[in-house]
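All remarks here apply to the structure that follows.
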Amino acid sequence: MQLQKTIEKEILRKVVFLDRDGVINRDSPDYIKSWSEFEFLPGSLEAIRLLTLNGFATIVITNQSAINRKMVSGKVLDDMHTLMKQAITSKGGKIKDIFFCPHVPEDRCHCRKPSPGLIFRAKQKYRIDISTSVMVGDSAKDIECARNAGCGHAVLVKTGNGSEAEKILKEKEIFPDFIARNLLEAVGWILTHNK
């Protein structure tokens, strides 16, 4: 019982926050509304396996406005995430948790990226040291979210909206620590810089 309490109080210092669409799976301008539309990007399963093997807790941080747009139900999203986690686990990886924002931009919530609300929610639940964490995303919002939350590093991947994000970030003078072709390359950088 005492050991369990000690584990619960432990601060997580090796945490990688991942955006979902455009990082783990292919994005779509029409949103991902069902498991049949969900397609893992090449190398993403291996990337998450490597994070797991190297002792990183992987947490998904994702905007899912399709819920408030009435394009997908919370139940369908939960089912998709369950199947995604099962597929990742079957390849040797592990997703510690998933935090999502169901709101549209007009809702002006505190959880929709680039606001840091989802990361702060994860920090509250797991006692994460944000200053040592890494955020990986394919959009300007992801990198801005990382900076707003105080993440130690922010990595932009070019598999989703990465090329467009580069232009937006340059205009805003916000710079990622690394720009990777995909999640697997991003993880290679993370493992090199977080020994």
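Only one entry of LEU18, LEU41, LEU50 meets the criterion of being touching a residue at least 60 places away in the same chain (Cβ under 8 Å), touching a Ser or Thr at 6+ places or on another chain (Cβ under 7 Å), farther than 21 Å from CYS145 by Cα and not aromatic (Phe, Trp, Tyr), and that entry is LEU41.
Restricting attention to region 138-186, report how many residues are acidic (Asp, Glu) and within 16 Å of GLY43 (Cβ to Cβ).
Of the residues in region 138-186, 2 are acidic (Asp, Glu) and within 16 Å of GLY43 (Cβ to Cβ).
Could you tell me whether any residue of region 84-92 is farther than 18 Å from PHE17 by Cα, of a type outside the set (S, T, N, Q), modelled with pLDDT of 95 or more and in contact with a Pro (Cβ under 9 Å, 6 or more places away or on another chain)? No, every residue in region 84-92 fails to be farther than 18 Å from PHE17 by Cα, of a type outside the set (S, T, N, Q), modelled with pLDDT of 95 or more and in contact with a Pro (Cβ under 9 Å, 6 or more places away or on another chain).
Being under 26 Å from GLU171 (Cβ atoms), surrounded by 18 or more Cβ atoms within 10 Å (Cβ to Cβ) and aliphatic (A, V, I, L, M) is the requirement here; does ALA154 meet it? Here the answer is yes, as ALA154 does meet what is asked.
Out of LYS94, LYS75, LYS33, LYS70, which single residue is in contact with a Ser or Thr (Cβ under 7 Å, 6 or more places away or on another chain) and of a type outside the set (Val, Ile, Thr)? When all the criteria are applied, what remains is LYS94. Scanning region 53-84 for residues that are free of Cβ contacts under 8 Å to residues at least 12 places away in the same chain and either part of a loop (DSSP other than H, G, I, E, B) or within 17 Å of the chain's Cα centre (by Cα) (or both) turns up LYS70, SER73, ASP78, THR82.
The number of residues in region 27-66 that are among the basic types (Lys, Arg) and either closer than 25 Å to SER115 by Cβ or crowded, with 21+ Cβ neighbours inside 10 Å (or both) comes to 1.
Within region 27-44, the set of residues being assigned to a loop (DSSP other than H, G, I, E, B), of a type outside the set (Gly, Ala, Ser) and on the phi < 0 side of the Ramachandran plot comprises ASP27, PRO29, ASP30, ILE32, LYS33, PHE38, GLU39, LEU41, PRO42.
Looking across region 67-82, just one residue is surrounded by fewer than 13 Cβ atoms within 10 Å (Cβ to Cβ) and among the β-branched types (Val, Ile, Thr), and that is THR82. Residues satisfying the criterion are present in region 1-19 (criterion: under 18 Å from the mean Cα position of the chain (by Cα), in a loop (DSSP other than H, G, I, E, B) and either under 25 Å from SER139 (Cβ atoms) or polar (S, T, N, Q) (or both)).
The values are calculated or read from the model by the stated rules, or taken from the named source; none is laboratory data. What you see is a predicted model, and the numbers here were worked out from it, not measured in a lab. Ideal geometry is used to build each Cβ from the backbone, glycine not excepted, and the neighbour counts take in all protein chains shown.
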